[in-house]
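Laboratory data are not the source of any read-out in this text; all were calculated from the coordinates shown. None of these values were measured; they are calculated from a predicted model. A quick note on method: Cβ atoms are made from the backbone with ideal geometry, for glycine too, and the neighbour counts reach across all protein chains shown.
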Amino acid sequence: LMFHNRDNVEWSEEQEASARSKVQENSSQLLPQDKQEEYEVNAKRYWDDFYKIHENGFFKDRHWLFTEFPELAPNRNPCQNGDSVHEFSNKEESSSEELGSCANGHCSLENRAENELNLVKSTPKICTEDLATEEYSELNEHDGDYPGSSASYRILEVGCGAGNTVFPILQTNNDPGLFVYCCDFSTTAVELVQNNAEYDSSRCFAFVHDLCNDQSPFPMPDKSLDVVILIFVLSAILPEKMQGIVNRLSRLLKPGGMILLRDYGRYDLAQLRFKKGQCLSDNFYVRGDGTRVYFFTQDELDELFTRAGLEKLQNLVDRRLQVNRGKQMTMYRVWIQCKYLKPAAPQP
């Protein structure tokens, strides 16, 4: 294999300083305001184009999902799956050119092609009863029928793309009470999910939804979801709209429900590779194809979630060193992973 991966690498002060200076350099000149507005107004079109070009090309089963987020497979006993991590690790190794080709700050790797996440982590083998699996039947304010209304465990994936997360969940989680919702504001992405042979409308509902539009309705009532998943999604949104979106998603959760997030961390290689003139605002960039990306710190995410009334279960940085021996390149991937819980009772 061309690649050598090391997990959870600590950065030296020099590395941190070098990354910071690269970011200062590539953000020293911001795109003019009218250009910025054009990217916001046409955001949907840019993502539609992305999915039209790549279709399922970026579809990779995210086998790391259940290792990192066992909440998505409530019937699986994590104790019995201690070894499954190693099983998946080799299948997910990426080819050298995928990692190497980051033209214009837009890594082919990075766009939801999470073959990058070959997680060979040792998962703590703790088995706890899942808080969120308890049935929550007090949907008083919403008596009507809605898709998944009879389910006992409801998961929503926001920004589902071509279904990289939804289909592994449906294949792995055989809980008869499970119902999975998934949405994207790209109509093309939602059509890719609906037309997939694995799509089963008795267990899954895919719909087009614009997170940034407060008036855009969700098919399920507030306080009805056990889990909301955000994987490389929040980073694609205008920073000033993030808090409102997290607040809205928090309202959809049952008490005891949780938001699971994985996204780009500050100084990820993708951020360092942007050229001057691609920066929109601090740590927010536009790629060559018009899609946008933000690079988070742990504190920023903590503030977004706690302001929305959620409690921290996990907020960690995952730094990976990837060495491409063929090109003699050393690259650092930086991701942040979070789990935030909706408290069971209102906090005093």
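See the values below:
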| quantity | calculated |
| --- | --- |
| Highest-first arrangement of 258-267, 234-243, 274-283, where packing means the average Cβ count within 10 Å | 258-267, 234-243, 274-283 |
| Cα-based shape type of region 157-284, given that a ≥ b ≥ c are square roots of the gyration tensor eigenvalues and the cut on a/c is 1.5 | prolate |
| Rounded if a/c under 1.5, otherwise prolate or oblate - region 257-339, Cα gyration tensor axes | oblate |
| Sorted peptide list for 181-194, 332-345, criterion being average Cβ within 10 angstrom, highest first | 181-194, 332-345 |
